[in-house]
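The values are calculated or read from the model by the stated rules, or taken from the named source; none is laboratory data. Just so it is clear, the structure is predicted and the values come from calculations on it, not from any experiment. Neighbour counts are summed over all protein chains in view; Cβ atoms, including those assigned to glycine, are modelled from backbone coordinates with ideal geometry. Areas reflect the complete protein model, heavy atoms only, side chains present, ligands, DNA and RNA absent. Shrake-Rupley method; radii C 1.70, N 1.55, O 1.52, S 1.80 Å.
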Amino acid sequence: MSIGIAVAIGDVVLMVADGRRSNAFSILTDQAEKIVDLNDSLVVIEFGAVMASTNVVDELRADSRLPVAGREFMDLLTRSIHSAGAFLVAAVIPDSTNLSRIKVGLLAGGVDADGAYIGGALFGHGMSEPSRLLLRPNSTPQFIVLGGETCGAQEYFEREIGRAYRASGTDRATLISMLKRAAKKTVRYAATHDNTIGGRVQYRILQPEHPTQSGFL
């Protein structure tokens, strides 16, 4: 399906995603860019059914009144994901596809007046209401891993974060570099267990008063 990783540490947000798009039969591309800038301080990662998640992103990008505050943005995002997911589920013919794949979601990372935050919303087949999460960093990083649940990708990333902290000490630049490496290792780990995950690994870093950093790992 996909895997996306969002990390908030101090005033920094790190977003990482795989590059694979696939359907029930084959891999369509390993070069997809699933991380999308909504503005200078807000980034999302597309997850699940491509058409539905892309439509939600397009609607958000076209919204001239896009909320700046994290909680307000997550309210809007959750409503949009719920609507897109409900439409998607209703449009699928029973027994025509693997219904476990019929989900749409977005991970979000941003910086508002209260600092860095990460969040996510997901809705689809088998869900009575959208799942939603909004986290802000405290003395330790906060993170979300969406995708790779069947192989324990979140637990794998949590162990890698522990190693990054022990190795980097108090050096922030080293820690961020090691978190990027940990995220890449997690994507590669998940890819060995799920052939709908893989391809080129993309990242984006947001930090107040700094230009956005982006590239591939």
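Observations, loosely collected:
- Arg65/His193 FRET efficiency (R0 30 Å; Cβ-Cβ; nearest 0.05): 0.10
- Inter-site label distance for Asn138 and Asp171 at 7 Å from Cα along Cβ, in nm: 2.9
- Cβ-Cβ FRET estimate between Gln213 and Phe87, R0 fixed at 35 Å, reported to 0.05: 0.50
- Under Karplus coefficients 6.51, -1.76 and 1.60, residue-wise ³J(HN,Hα) of the stretch 49-56 in Hz, glycine/proline x: 4, 4, 4, 5, 5, 5, 4, 4
- Nitroxide proxy distance, nm - points 7 Å out along Cα→Cβ at Asn39 and Arg79: 1.7
- Judged by the ratio a/c of the largest to the smallest principal axis of the C-alpha gyration tensor, the stretch 63-170 counts as oblate, that ratio being 1.5 or greater while a/b is no larger than b/c.
- Inter-probe distance in nm under a simple model that places probes 7 Å from Cα toward Cβ, at Ser26 and Asp11: 4.9
- Cβ-defined net charge surrounding Thr212, 12 Å radius [Lys, Arg +1; Asp, Glu -1]: -2
- Rel. contact order, % - alpha carbon contacts under 8 angstrom, at least six apart, the stretch 9-132: 27
- As a ratio to 2.2 N^0.38 Å, the alpha-carbon radius of gyration for the stretch 1-153 is 1.02.
- Measuring between their Cα centroids, the stretch 182-202 and the stretch 1-72 lie 16 Å from each other.
- Among the listed pairs Lys103/Lys185; Lys34/Lys185; Lys34/Lys184, those beyond 21 Å (Cα-Cα): Lys103/Lys185
- Share of carbon and sulfur in the accessible heavy-atom surface of the chain [1.4 Å probe, %]: 51
- The chain, helix-only ellipticity at 222 nm - DSSP H runs n ≥ 4, -39,500 (n - 2.57), divided by all residues, nearest 500: -11000 deg cm²/dmol
- Counting only alpha carbon atoms, the long axis of helix 172-191 and the longest principal axis of the chain meet at about 30°.
- Heavy-atom accessible area ranking, 1.4 Å probe, most first, across Glu209, Glu72, Glu160: Glu209, Glu72, Glu160
- Relative contact order of the chain: 29 percent, from C-alpha pairs under 8 Å at least 6 residues apart in sequence.
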